[in-house]
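Notes to accompany the following structure.
The values are calculated or read from the model by the stated rules, or taken from the named source; none is laboratory data. What you are looking at is a predicted structure, and each value in this text was computed from that prediction instead of being measured. Quick reminder, even Gly has a Cβ in these numbers, built from the backbone with ideal geometry, and neighbours come from all protein chains shown. Just the protein is used for accessible areas: all its heavy atoms, side chains included, with ligands, DNA and RNA removed. Shrake-Rupley method; radii C 1.70, N 1.55, O 1.52, S 1.80 Å.
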Amino acid sequence: MAELAALQDPKVRAVDEKHGDDHGVNLGRLRALAKRLKTQQDLARRLWETDDTAARLLAILICRPKAFERDELDVMLRAARAPKVHDWLVNYVVKKNPHQEELRLAWSADPDPVVAGAGWALTTDRVAKKPEGLDLAGLLDVIEARMKDAPDRLQWAMNHCLAQIGIEHAEYRARALDIGERLEVLKDYPTSPGCTSPFAPIWITEMVRRQDAG
């Protein structure tokens, strides 16, 4: 914990706090510390229990993703209120855990929008990597009905799923583009030069163009 405290940088904290993250650790230095510690499941659990954001990020980097039980991950996700902790937990741990599909189904239907957002993130991953068995038309129905009025983080996750369906599945591309155009979610999102807009019609069109060019 002392070493993590020494890694705090006020400039990094100022940027992170704008994104809702209450830590100021340079992530490159945090990853270097994790590399030195290597995998330590017991230490990861102890770090997580501190409730400190930087400690939880480090815990995610040094844990064994497959070692967690389903209910344990459910409790951890509900406790992960900092956006970066939430995202890393889903991407680095849950996606590599054998209970991923059970959690995807349970979380997608959860009344808590942050938890539901995690379910949609896992669904987006399946759309890209293992779409067999998914009801893509049904997912588009839900997105069309609910995305416009969804809270920020849930809306972002649904929008990513919409874009992924349009990018990966040509037979649903026209409908995905149409939903994006009509709902106009993230249409005016500020995008840095050289980055692709998260507005689904632009995102889909650009990624398909790259695939065709490649």
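Worth a mention:
- The number of residues in the range 136-156 being touching a residue at least 24 places away in the same chain (Cβ under 8 Å) and open to solvent by less than 70 Å² (accessible area, probe 1.4 Å) comes to 11.
- No other residue among 88, 107 is closer than 16 Å to residue 157 by Cα and either open to solvent by less than 10 Å² (accessible area, probe 1.4 Å) or modelled with pLDDT under 95 (or both) apart from 107.
- Single residue of the range 8-31 satisfying the filter (out of contact with any Lys or Arg (no Cβ under 9 Å at 6 or more places or on another chain) and closer than 30 Å to residue 69 by Cβ) that is surrounded by the most Cβ atoms within 10 Å (Cβ to Cβ): 30
- Applying the criterion of at least 2 residues that are aliphatic (A, V, I, L, M) and more than 24 Å from residue 157 (Cα to Cα) to the helices (runs of 4 or more DSSP H) found wholly in the range 8-83 leaves 10-18, 27-37, 41-49, 53-62.
- Filtering the range 123-176 to residues that are farther than 20 Å from residue 101 by Cβ and outside any helix (DSSP H, G or I) leaves 150, 151.
A quick yes/no check of all residues on (1) in contact (Cβ under 8 Å) with a residue 12 or more places away in the chain; (2) under 22 Å from residue 117 (Cβ atoms); (3) open to solvent by less than 60 Å² (accessible area, probe 1.4 Å):
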{"site": "158", "(1), (2), (3)": "yes, yes, yes"}
{"site": "164", "(1), (2), (3)": "yes, yes, yes"}
{"site": "171", "(1), (2), (3)": "no, no, no"}
{"site": "175", "(1), (2), (3)": "yes, no, no"}
{"site": "183", "(1), (2), (3)": "yes, yes, yes"}
{"site": "194", "(1), (2), (3)": "no, no, no"}
{"site": "198", "(1), (2), (3)": "yes, yes, yes"}
{"site": "204", "(1), (2), (3)": "yes, yes, yes"}
{"site": "208", "(1), (2), (3)": "yes, no, yes"}
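- Every listed requirement among (1) modelled with pLDDT of 95 or more; (2) under 14 Å from residue 89 (Cβ atoms); (3) open to solvent by 10 Å² or more (accessible area, probe 1.4 Å) is met by residue 38 save one, (2).
- Filter pass, residue 56 being in contact with a Phe, Trp or Tyr (Cβ under 8 Å, 6 or more places away or on another chain), at pLDDT 95 or above and among the basic types (Lys, Arg): yes
- Among the candidates 28, 24, 119, residue that is touching a Phe, Trp or Tyr at 6+ places or on another chain (Cβ under 6 Å) and either modelled with pLDDT of 95 or more or farther than 27 Å from residue 163 by Cα (or both): 119
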